[in-house]
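Q: This is the structure, below, for whatever I ask next.
The values are calculated or read from the model by the stated rules, or taken from the named source; none is laboratory data. Treat the numbers as computed from the prediction; the structure is a model and nothing was measured. Methodologically, a virtual Cβ is constructed for each residue, glycine included, from the backbone with ideal geometry; neighbour enumeration extends over all protein chains shown. With ligands, DNA and RNA removed, areas are computed over all heavy atoms of the protein, side chains included. Shrake-Rupley method; radii C 1.70, N 1.55, O 1.52, S 1.80 Å.
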Amino acid sequence: MSSQPHDARLVGHDSDTSGHGSMGGYVTGFILSVILTAIPFWLVMGNVLNDSRLTAIAVMGLAVVQIVVHMICFLHMNTKSEGGWTLLSLIFTLVILVIALSGSLWVMYHLNTNMMQMTPGDAMNMP
Amino acid sequence: MTTKTDLTAPGTVPVFFVEEEHGHAEGSTMLGFWIYLMSDCLIFAVLFATYAVLGHSYAAGPSGKDLFELPTVAINTSMLLLSSITYGFAMLAMDKERQGQMLFWLVITGLFGLAFVGLELTEFASLIREGATPQRSAFLSSFFTLVGTHGLHVSVGIIWLVTLMVQVMKHGLIPENRRRLLCLSMFWHFLDVIWIGVFSFVYLMGVLV
């Protein structure tokens with residue numbers, strides 16, 4: 001197949017695929033991902049920071065950075081692809097995601113703390 | 001064929017307008033697939049939210065600290081990360097019209113994917129053997145749902161990968177196969193993005209707290 005001369009469709013498509021990444025992009029993304037994966041595992045497994053809250057913040061921060069690296073290097077996100085529609089749908093998804101996550105945690109946290117303490121006996125005699 | 005040549009005057013080249021429309025459809029396929037991925041992202045967001053709410057409801061059962069083995073998770077993570085870059089190499093080979101090289105990288109990607117799913121199933125099996133079944137506590141229900149859904153996605157991705165490899169071997173690198181491979185590329189890298197959330201939020205934070 002590859003030895004055959006290309007028809008117009010293939011050549012036309014080839015010019016489109018220039019946005020599908022380069023060797024340098026993939027290798028950069030991979031090296032950054034390895035570093036950004038190794039650091040949180042090292043922090044948790046080695047108990048380096050000696051403070052679980054600080055470690056948790058660091059782990060989540062590094063995860064966000066690594067997600068951004070993947071989006072740019074592997075998924076080739078940029079402001080121009082598909083006329084900006086991919087970025088717009090991503091931002092929309094992120095808004096819904098933040099509302100769903102923070103809303104669930106907020107509501108359920110208050111539901112838990114405002115729940116009346118009761119013994120199994122109380123629960124059986126509930127109206 | 002003879003009737004067609006009769007319709008055009010000898011020497012003139014027939015003009016087709018279908019080609020351009022096809023190119024347009026290909027462009028919108030990628031956007032449509034991206035929107036599907038975003039809706040898939042919302043499924044995972046809801047499952048993450050469920051896990052965030054129920055993750056500490058142990059029902060006097062085992063917690064993440066008792067159950068999770070981080071070395072296994074680290075190997076799992078590296079399997080998925082390696083499969084991501086090998087898929088990238090396959091796409092680069094596709095751009096250079098090297099079909100054999102591309103198929104080689106796709107096989108490697110599939111093997112890394114299989115290793116990931118295999119390790120995850122082994123982990124699930126050992127959890128269930130220890131009595132940490134999904135029925136044990138709300139924490140374990142949400143854990144198995146979230147991680148299981150991701151594992152299911154990877155398994156479907158592997159089936160898709162094998163299907164496309166057969167397609168490429170049968171029909172070569174035709175535009176339709178390129179489009180499918182690019183869609184799978186997005187799907188595969190997207191699953192790696194979700195896994196970053198899983199290993200950070202579920203495993204590392206689970207061991208921490």
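Q: Sort out which residues of the range A:65-93 are under 25 Å from A:Ile35 (Cα atoms), part of a helix (DSSP H, G or I) and facing another protein chain (nearest Cβ under 9 Å), and write them in order of number. First the steps, then the outcome.
A: Of the range A:65-93, the ones under 25 Å from A:Ile35 (Cα atoms) are A:65-78.
From the residues that got through so far, the ones that are part of a helix (DSSP H, G or I) too are A:65-73.
Selection gives A:Gln66, A:Ile67, A:His70, A:Met71, A:Cys73.
Q: Next question, about the same structure. Can you tell which of B:Leu208, B:Leu164, B:Leu204 is within 14 Å of chain A (Cβ to nearest Cβ) and open to solvent by less than 10 Å² (accessible area, probe 1.4 Å)?
A: Details: B:Leu208 fails: open to solvent by less than 10 Å² (accessible area, probe 1.4 Å); B:Leu164 fails: within 14 Å of chain A (Cβ to nearest Cβ).
Exactly one residue qualifies, and that residue is B:Leu204.
Q: Still on this structure, I have one more. Residues in the range B:167-188 that are more than 9 Å from chain A (Cβ to nearest Cβ), touching a residue at least 60 places away in the same chain (Cβ under 8 Å) and polar (S, T, N, Q): how many?
A: Residues meeting the conditions: 0.
Q: Is the range B:100-112 home to any residue that is out of contact with any Cys (no Cβ under 7 Å at 6 or more places or on another chain), assigned to a helix (DSSP H, G or I), more than 10 Å from every other protein chain (Cβ to nearest Cβ) and closer than 21 Å to A:Phe41 by Cα?
A: Yes, the range B:100-112 contains a residue that is out of contact with any Cys (no Cβ under 7 Å at 6 or more places or on another chain), assigned to a helix (DSSP H, G or I), more than 10 Å from every other protein chain (Cβ to nearest Cβ) and closer than 21 Å to A:Phe41 by Cα.
Q: Looking only at the range B:74-113, filter to residues that are open to solvent by 10 Å² or more (accessible area, probe 1.4 Å) and aromatic (Phe, Trp, Tyr); which one of those is farthest from the chain's Cα centre (by Cα)?
A: If we take residues in the range B:74-113 being open to solvent by 10 Å² or more (accessible area, probe 1.4 Å) and aromatic (Phe, Trp, Tyr), then B:Phe104 is farthest from the chain's Cα centre (by Cα).
Q: Just to check your reading of the model, which residue among B:Phe112, B:Phe104, B:Phe143 is among the aromatic types (Phe, Trp, Tyr) and in contact with a Phe, Trp or Tyr (Cβ under 7 Å, 6 or more places away or on another chain)?
A: Just one listed residue meets the conditions, B:Phe143.
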